[in-house]
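The values are calculated or read from the model by the stated rules, or taken from the named source; none is laboratory data. This structure is a prediction, so every number in the text was calculated from the model and none was measured. Cβ placement follows ideal geometry from the backbone for every residue including glycine, while neighbour counts extend to all protein chains displayed. Note: accessible area is taken over every heavy atom of the protein model, side chains too, but ligands, DNA and RNA are not part of it. Shrake-Rupley method; radii C 1.70, N 1.55, O 1.52, S 1.80 Å.
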Amino acid sequence: MTPRQPSSEEPRPVRGFSFLERASSSGAQWAFGLLLGALYVAAIVAIRLSAPFTDEIDHFTQITQFLRGTDRILAELTTIPGYHALVAALMRACGAASLDAARLANAAFGLFAVAGFHALRRRAWPGTETLATAQLLVLPILVPLFFVVYTDVLALALLLWAAWASVARRHVLAALFATALVGVRQHEVVWTGLLVMLAIGDDSLERARREPVRVLAPLWPYVVPLAVFVAFWAWNGSISLSRTQAALHPDAKLHAGNPLFALLVAGLLLPLQVLQGLPAFLAALRRDRPGWLLAAVPVLVACGFWFGFHADNPYNTAYPWYYLHNHLPMLIEQRWYARALAALVAAGAACSLATFRLRPSSAYWLFPVALVFLAASWLVELRYVLVPLVLWLAFREHRSRPVEYATWALWLVLAVCMYVGTLTHWFFL
């Protein structure tokens with residue numbers, strides 16, 4: 001009997017960190033590695049001795065509190081200080097106490113995130129992980145965060161490794177990463193829903209309807225991060241650790257700003273993919289019945305942006321000439337032509353990017369979970385867009401190598417501009 005060949009949709013066997021065990025030494029990989037490695041080191045060197053950037057002041061102050069052996073938590077800190085405790089522990093082990101040392105620790109977290117993305121991409125679309133990871137390393141809205149003392153990169157790393165472990169059916173490991181994630185950015189516990197769907201997988205989804213206990217019982221570890229989050233919420237009284245900041249980060253309220261803003265940012269960063277997806281969307285309009293349901297999508301998104309986008313959190317009005325995440329929303333709020341253009345770009349992104357296949361099929365749960373994650377935040381932030389965008393980049397197909405190389409080149413130029421602008425204190429994410 002001829003053995004059945006595994007489907008490309010099925011999980012591949014895992015032996016440890018397979019992306020390291022099977023790493024190829026092709027010319028493209030070496031070229032990307034050497035160039036991006038050199039740029040990464042140059043970025044670390046370039047930021048040395050720079051004055052603190054915005055929230056670095058609070059984050060580094062909290063780290064120094066732990067370095068001094070005190071457990072005092074800053075009144076304005078909104079996240080559980082797991083990031084700060086880890087950075088302080090690393091600095092204490094190395095005998096360091098400077099802001100540059102904390103930034104170096106964050107750069108190490110960046111490499112941890114890149115490795116997690118590479119591992120996840122290799123399982124989802126083997127053979128494309130080198131180019132996809134090279135794109136991640138120059139993603140313009142991520143690059144400055146690699147080298148500053150912010151919690152986002154460590155949280156992203158933990159989520160990527162949790163997603164990899166879920167796809168690999170390593171549920172306890174996935175739950176450990178997800179629980180650690182709650183200790184870094186507690187509101188990202190929402191992504192546990194996606195982890196569960198990835199863990200169930202395409203092949204078990206139908207069986208879960210027939211035998212729910214047998215299929216779902218091994219998934220008990222995913223209850224742990226949820227329980228930790230609920231316990232924290234009940235103890236603290238709000239999702240925000242800081243009581244003084246709770247009013248600006250309200251619990252259990254949904255807002256349209258971030259979901260619409262995410263579509264706009266995706267459209268601006270992925271113009272070639274938007275152009276790629278438009279023919280597929282138009283073909284679906286002609287093929288599917290009733291086509292008016294699909295035709296309503298761009299209309300609904302555009303109208304939603306025109307009438308429903310509001311960046312009315314008080315923090316969104318702070319220094320719009322410096323913060324990009326404030327400048328763009330304020331421009332949209334104040335100029336009708338900017339709102340019209342943003343609505344057009346967001347509608348195009350919604351139609352086009354949704355036509356890209358995701359693998360595994362359970363990764364399509366990314367969309368509803370991302371909607372909840374983004375809508376739960378009142379403050380419109382570029383950093384909130386980062387998480388769903390990076391996950392989409394990990395799971396989505398590459399339709400054309402030239403388009404993906406062109407995207408990498410475009411992002412490299414934009415990333416350099418973003419980093420230079422950050423270094424010179426001209427603007428910040």
- Across 5 Å bins beginning at 0, the whole-percent shares of Cα-Cα pair distances in segment 72-134 come to 4, 15, 18, 15, 14, 11, 12, 7, 3, 1
- Query: Amide H of Y323: which non-local residues (sequence gap of 5 or more, or other chain) have their own amide H closer than 5 Å, using H built in the peptide plane?
  - Reply: F428
- Where the eigenvalues come from the Cα gyration tensor of segment 278-409, what are the semi-axes √(5λ) of the equivalent ellipsoid, largest first, in whole Å? 28, 19, 15
- Any chance you could list P(r) for segment 174-311, counting all Cα-Cα pairs in 10 angstrom bins from zero, rounded to whole %? 10, 23, 27, 29, 11, 0
- Query: In debye, nearest 20: dipole of the chain around its Cα centre with unit charges on the Cβ of K, R (+) and D, E (-)?
  - Reply: 980 debye
- Under 5 Å, built H, 5+ apart or other chain: amide partners of R185: none
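So how much slack lies between E211 and L324, counting 0.36 nm per residue of separation and subtracting their Cα-Cα distance, in nm?
Gain on stretching E211 to L324: 35.7 nm.
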- Message: Quick check: at a probe of 1.4 Å, how many percent of the accessible area of segment 253-398 sits on carbon and sulfur atoms?
- Response: 73 percent
- Using a Förster distance of 30 angstrom, determine the FRET efficiency expected from the C-beta separation of T128 and V45, and round it to 0.05. 0.45
- Query: Per 10 Å bin, what is the whole-percent P(r) computed from every C-alpha pair distance within segment 55-246?
  - Reply: 9, 31, 33, 20, 6, 1
- For the chain, the longest site-free run once trypsin sites (Lys or Arg not before Pro) in DSSP loop states with at most 13 other Cβ atoms within 10 Å are removed: 73-242
- Please name whichever of Y322, S361, I332 sits farthest to the positive end of the charge dipole of segment 253-398, dipole taken about the Cα centre and charges placed at Cβ: Lys and Arg +1, Asp and Glu -1. S361
- Message: Quick check: residue separation of F307 and W233 times 0.36 nm, minus the Cα distance between them. What number comes out in nm?
- Response: 23.3 nm
- Query: Per residue, how much space in cubic angstrom lies within the convex hull of the C-alpha atoms of the chain?
  - Reply: 170 Å³
- Note on the structure: Computed over the chain, the relative contact order (Cα-Cα under 8 Å, seq sep at least six) in percent reads 20 percent
- Message: Full-extension gain between R335 and A89, please, as 0.36 nm times their residue separation minus the C-alpha to C-alpha distance.
- Response: 83.8 nm
- Can you give the accessible area per residue of the chain, in Å², using a 1.4 Å probe? 45 Å²
- Query: What list of ³J(HN,Hα) values in whole Hz, one per residue of segment 177-185 in order, does the Karplus curve 6.51 cos²θ - 1.76 cosθ + 1.60 (θ = phi - 60°) give from phi, with Gly and Pro shown as x?
  - Reply: 4, 5, 5, 4, 4, 4, x, 10, 9
- For segment 406-421, 3J(HN,Hα) per residue [Karplus equation, 6.51 cos²θ - 1.76 cosθ + 1.60, θ = phi - 60°, Hz, x = Gly/Pro]: 5, 4, 4, 5, 4, 5, 4, 5, 5, 5, 4, 4, 5, 6, 5, x
- Task: Would you please put 344-350, 312-318, 246-252 in order of how densely packed they are, using the mean number of other Cβ atoms within 10 angstrom per residue and starting with the highest?
- Result: 344-350, 312-318, 246-252
